[in-house]
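A short reminder: the numbers here are calculations on the coordinates, not readings from a lab. Computed from a prediction, not measured in an experiment: that's the story for all the values here. Cβ coordinates were reconstructed from backbone atoms using ideal geometry, including for glycine residues, and neighbour counts include every protein chain displayed.
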Amino acid sequence: MGAQKSRIEMQVLDNDAAWNLFLSKLSNEAVESLSSNNTVRERAMEIILSCGGLPLALNVIGTSVAGFEGPKEWTLAADAINNNMYKDKNDGVDEMFYRLKYSYDRLTATQQQCFLYCTLFPEYGSISKEQLVDYWLAEALLLDDCGKVIK
């Protein structure tokens, strides 16, 4: 059918650029804790290095740890990201997906469902936020604690 297998070369960031991108995703309090606590800084560096300089991974994981301040939170995050690498390992699945899984796992059940719903749409198409929220409401994905649709 004339299909060709093409490979897109992704440029990775050096450690300084990766650090700066990661910092840009954190809250002011989290950045402060990095500069004032060596344990927090070391754990954050572990997380950054595990991303392999890939901007997507740095963005996603940086956002998921954006509000962390204490050493315990950072240690748990670093351990979880590293442990996801070897848990339920499947052949053919890139290691980076296991790192990104950490972010997905931190979403609430509703957020996970909304995220998965977005995968139903082709990446080359577009959908407005309003239309997407209307679909979520129609699917009853947005419910409050009493089971009523959030408006």
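Beta carbons within 10 angstrom, averaged per residue: use that to sort the peptides 23-36, 119-132, 40-53, highest first.
40-53, 23-36, 119-132
Around Gly70, what is the net charge, scoring Lys/Arg as +1 and Asp/Glu as -1 over all other residues with Cβ under 15 Å from its Cβ?
Here the charged neighbours net out to -3.
At R0 = 22 Å, how high is the FRET efficiency between Val133 and Asp79 if r is their beta carbon distance? Nearest 0.05 is fine.
0.05
Between Lys72 and Thr108, take the C-beta separation as r, use R0 = 22 Å, and let me know the FRET efficiency to the nearest 0.05.
The formula returns an efficiency of 0.55 here.
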